[in-house]
Amino acid sequence: MIREATHAEPVWRERCNFVIAAAVDSANTDVATEQLWARKIGEAQFELCCIPFFVYDIALGDVVETDSQYMVQRVIRRSGRFVFRVWFGDSFRPRREIADQLEELGALLEWSSPNLLAVDAADEELARTVSGWLLEKEQHGHLVYETGKTA
């Protein structure tokens, strides 16, 4: 079943005034598109107000351009922010405890499901800290993580 991923609690909800979408590389998921909350800043230009769960190479605060169907076509301006995805799967670790620790580091968070957490780091320094912390947790079997970049 092909489906659309949605964001129940976009991290910058107060800035949102529009919903756009982006195609998902569905090789590893049944998700075909991801709904993205955004702030309209031009005829076809939007600032992302959520942390992508499935779409790669875009981040919170990026300015994107859409087509007439409001599907993301390209990034116009990068925000300099970093995206990580955390998968808990069958981990026995309390998810809220891990989320609280990430927030203490300074990360912003959005839950897609009880098993999938999107993590935002505002800059490269915080991204290095978050990445190192997540790697340690992954090595202990508490979670699996990836970055939101393909290259």
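Only the coordinates and a few stated rules stand behind these numbers; no lab work does. Computed from a prediction, not measured in an experiment: that's the story for all the values here. We place every Cβ from the backbone using ideal geometry, glycine too, and count neighbours over all the protein chains shown.
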Checklist entry - Tilt of helix 124-139 relative to the longest C-alpha principal axis of the chain, in degrees (0 to 90, nearest 10)? => result 50
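Relative to the present Cα-Cα distance, how much length would full extension add between Lys40 and Arg93 at 0.36 nm per residue of separation?
Values: separation 53, 0.36 × 53 = 19.08 nm, distance 3.90 nm.
So the extension gain works out to 15.2 nm.
What FRET efficiency comes out for Thr147 versus Gln69 if R0 is 25 angstrom and r is the Cβ-Cβ distance? Round to the nearest 0.05. It would help to have the intermediate numbers written out before the result.
Values: r = 28 Å, r/R0 = 1.13.
The computed FRET efficiency comes out at 0.30.
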Checklist entry - Which of these values of mean projected area of the Cα convex hull in nm² was calculated from the structure shown: (1) 14.5; (2) 8.5; (3) 9.0? => result (3)
Checklist entry - What's the angle, to the nearest 10 degrees (0 to 90), between helix 95-105's Cα axis and the longest principal axis of the chain? => result 80
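Which value, in debye to the nearest 20, describes the size of the charge dipole of the chain about its Cα centre when Lys and Arg Cβ atoms bear +1, Asp and Glu Cβ atoms bear -1, and nothing else is charged? Walk me through the intermediate numbers first.
On the way: 16 positive and 25 negative charges, 28 e Å.
In debye, rounded to 20, the chain gives about 140.
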Next on the checklist: Can you say what percent of the DSSP beta bridges in the chain, counting only those with both residues inside, are antiparallel? Round to 5.
Outcome noted: 90
Item to check | Selected from Leu116, Val11, Ala38, residue furthest toward positive end of dipole (the chain; charges at beta carbon) | outcome: Ala38
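How large is the charge dipole for the range 51-122, taken about the Cα centre, if only the Cβ atoms of Lys, Arg (+1) and Asp, Glu (-1) carry charge, to the nearest 20 debye?
Details: 8 positive and 11 negative charges, 23 e Å.
That gives the range 51-122 a dipole magnitude of about 120 debye.
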